[in-house]
Amino acid sequence: MASTVIRPSLAHRSKRASLAIIDDYLGTSAAHFAHIPRSKLQTTVFRETIVPRNNTKREELIDRLSPFELIATMRERTAFPRSILERLPNLKVLLATGTQFETFDLACASELGIAVVAAPGLGRKTALSSSRQTRQDIKAGGAHPTTQHTWALIMALARNVAIDDAALKSGNAWQSGLATGLTGLTIGIVGLGRLGAAVARIAHLAWNMRVICWSANLTQAKADIMAASVGLPIEDGNGEKTFRVVTKEELFSQADVVSLHYVLSDRSRGLVGAQELAYMMPSALLINTSRGALIDEQALLQALLKGSIRGAALDVFEVEPLEYSSPWRKSNY
């Protein structure tokens with residue numbers, strides 16, 4: 001019979017609590033805990049990720065984390081399945097920099113008395129304190145950093161920014177080829193949530209792009225609500241839906257730009273595979289600022305090597321950080 005483990009509370013304690021900040025590549029997180037007196041919190045930062053791809057690495061990760069009572073993670077770069085959580089006897093709080101916990105075994109954490117909490121970040125309109133910075137209303141032109149980065153990747157890919165920069169610095173061709181103009185093209189939004197709608201809004205207003213969208217449970221009524229929520233009309237001047245819901249096949253077949261904004265789960269893992277890539281036009285672009293595992297990376301790599309699509313811009317990968325031997329670190333595609 002399963003038993004519930006009650007771990008001592010951090011409240012009313014006399015000794016210092018121990019915090020591990022993990023996967024903090026840029027060393028930016030410790031400052032957010034600096035207001036806590038050192039007499040109450042001892043903080044250790046680990047900038048390098050240990051990927052538990054085998055038993056040796058798993059034991060190394062457990063040895064690193066087992067002394068700590070609190071662990072703050074960056075994104076979900078390190079997974080916390082049952083096999084890890086059960087080996088961390090001191091852990092009481094697991095803090096995630098986001099609101100998605102697909103790689104955390106929440107049921108196990110609950111059994112073990114580990115609190116899993118989210119830090120949605122500065123800038124949300126629902127900030128707990130009025131003294132915190134709040135994000136601008138999107139209808140007034142505000143944009144989430146992920147929205148900005150999505151458009152940075154779209155523009156860089158469409159306008160050949162990265163490839164021309166690399167060519168110039170390597171002493172090769174002066175220009176790589178003609179860039180892609182976005183005006184009037186079609187953007188396909190996979191996952192029409194807050195971020196997907198924000199990206200679609202810019203496409204509509206800045207480039208007069210046709211917006212089509214898909215997710216497993218998306219209805220046209222929901223898409224209409226999302227259009228209105230970002231200050232857009234439900235229909236354009238021609239009576240066509242501003243955010244038009246299509247089938248998955250239609251989206252990948254018709255979109256000049258496909259942008260992923262989907263929640264990662266067991267159902268969505270590998271959402272973009274060989275079949276979806278085969279649907280795409282040779283001139284199409286694929287953008288992923290969501291989660292790396294949404295894409296079958298081997299299928300995408302083959303599509304790029306064959307020239308089946310024009311290009312892809314990836315901000316995330318299935319395994320991070322990328323190994324030095326990763327094919328994504330090469331430039332032959």
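Could you tell me which residue of region 295-313 is nearest to residue 149 (Cα to Cα), considering only residues that are without any contact (Cβ under 8 Å) to a residue 60 or more places away in the chain and of a type in the set (A, V, I, L, M)?
295
Pairs under 9 Å by beta carbon, first residue within 17 Å of residue 320 (Cβ to Cβ) and at pLDDT below 95 in region 51-65, partner surrounded by 14 or more Cβ atoms within 10 Å (Cβ to Cβ) and among the hydroxyl-bearing types (Ser, Thr, Tyr), six or more apart or different chains?
51/78; 52/78
May I ask you to list the residues in region 66-96 that are among the hydroxyl-bearing types (Ser, Thr, Tyr) and within 17 Å of residue 321 (Cα to Cα)?
Listed by number, the residues that qualify are 73, 78.
Across region 175-229, what is the total count of residues that are surrounded by fewer than 21 Cβ atoms within 10 Å (Cβ to Cβ) and among the aromatic types (Phe, Trp, Tyr)?
Within region 175-229, residues that are surrounded by fewer than 21 Cβ atoms within 10 Å (Cβ to Cβ) and among the aromatic types (Phe, Trp, Tyr) number 1.
Run residue 297 past the list (1) in contact with a Cys (Cβ under 6 Å, 6 or more places away or on another chain); (2) over 24 Å from residue 204 (Cβ atoms) and report the number of the one that doesn't hold.
Exception for residue 297: condition (1).
Say we look at region 208-261 and pick out the residues that are among the polar types (S, T, N, Q), in contact with a strand residue (DSSP E or B) (Cβ under 6 Å, 6 or more places away or on another chain) and assigned to a helix (DSSP H, G or I); which of these is nearest to residue 191 (Cα to Cα)?
220
Considering (1) at negative phi; (2) surrounded by fewer than 20 Cβ atoms within 10 Å (Cβ to Cβ), say which one residue 270 fails and leave the rest.
Condition (1) is where residue 270 drops out.
When residues of region 55-95 are filtered for being hydroxyl-bearing (Ser, Thr, Tyr) and within 26 Å of residue 36 (Cβ to Cβ), how many remain?
Summing the residues that are hydroxyl-bearing (Ser, Thr, Tyr) and within 26 Å of residue 36 (Cβ to Cβ) in region 55-95 gives 3.
Among the residues in region 86-106, are any more than 27 Å from residue 262 (Cα to Cα) and in a helix (DSSP H, G or I)?
For region 86-106, residues more than 27 Å from residue 262 (Cα to Cα) and in a helix (DSSP H, G or I): absent.
Give the number of residues within region 151-192 that are free of Cβ contacts under 8 Å to residues at least 40 places away in the same chain, outside any loop (DSSP other than H, G, I, E, B), of a type in the set (Gly, Ala, Ser) and within 27 Å of residue 248 (Cα to Cα).
1
Can you tell me which residue among 276, 297 is at pLDDT 95 or above, touching a Lys or Arg at 6+ places or on another chain (Cβ under 8 Å) and acidic (Asp, Glu)?
Just a single option satisfies the conditions, and that option is 276.
For residues in region 139-150 being of a type outside the set (S, T, N, Q), assigned to a helix (DSSP H, G or I) and under 20 Å from the mean Cα position of the chain (by Cα), which is modelled with the highest pLDDT?
Across region 139-150, the extreme among qualifying residues is 149.
Being over 28 Å from residue 161 (Cβ atoms), at pLDDT below 95 and more than 19 Å from the chain's Cα centre (by Cα) narrows it down to one residue among 177, 171, 237; which is it?
Testing whether each residue is over 28 Å from residue 161 (Cβ atoms), at pLDDT below 95 and more than 19 Å from the chain's Cα centre (by Cα) leaves just 237.
I want to confirm something. Restricting to region 78-102 and keeping residues that are within 18 Å of residue 265 (Cα to Cα) and buried (at least 19 other Cβ atoms within 10 Å of the Cβ), which single residue is modelled with the lowest pLDDT?
Selected residue: 97.
Quick test for you: out of 303, 278, 293, pick the one residue that is of a type in the set (Gly, Ala, Ser), out of contact with any helix residue (DSSP H, G or I) (no Cβ under 9 Å at 6 or more places or on another chain) and either in a helix (DSSP H, G or I) or on the phi > 0 side of the Ramachandran plot (or both).
293
Just to verify a result, which residue in region 66-77, among those that are assigned to a loop (DSSP other than H, G, I, E, B) and hydrophobic (A, V, I, L, M, F, W, C), is modelled with the highest pLDDT?
Applying the filter and picking the extreme gives 68.
Restrict the check to region 235-243 and report whether at least one residue is surrounded by fewer than 20 Cβ atoms within 10 Å (Cβ to Cβ) and either closer than 24 Å to residue 146 by Cα or among the hydrophobic types (A, V, I, L, M, F, W, C) (or both).
no
So residue 225 passes all but one of these: (1) over 22 Å from the mean Cα position of the chain (by Cα); (2) touching a residue at least 24 places away in the same chain (Cβ under 8 Å); (3) closer than 23 Å to residue 99 by Cα. Which condition number does it fail?
Answer for residue 225: the failing condition is (2).
The values are calculated or read from the model by the stated rules, or taken from the named source; none is laboratory data. All of these numbers come straight from a predicted model, not from anything done at the bench. Note that each Cβ is placed from the backbone with ideal geometry, even for glycine, and that neighbours are counted across all protein chains shown.
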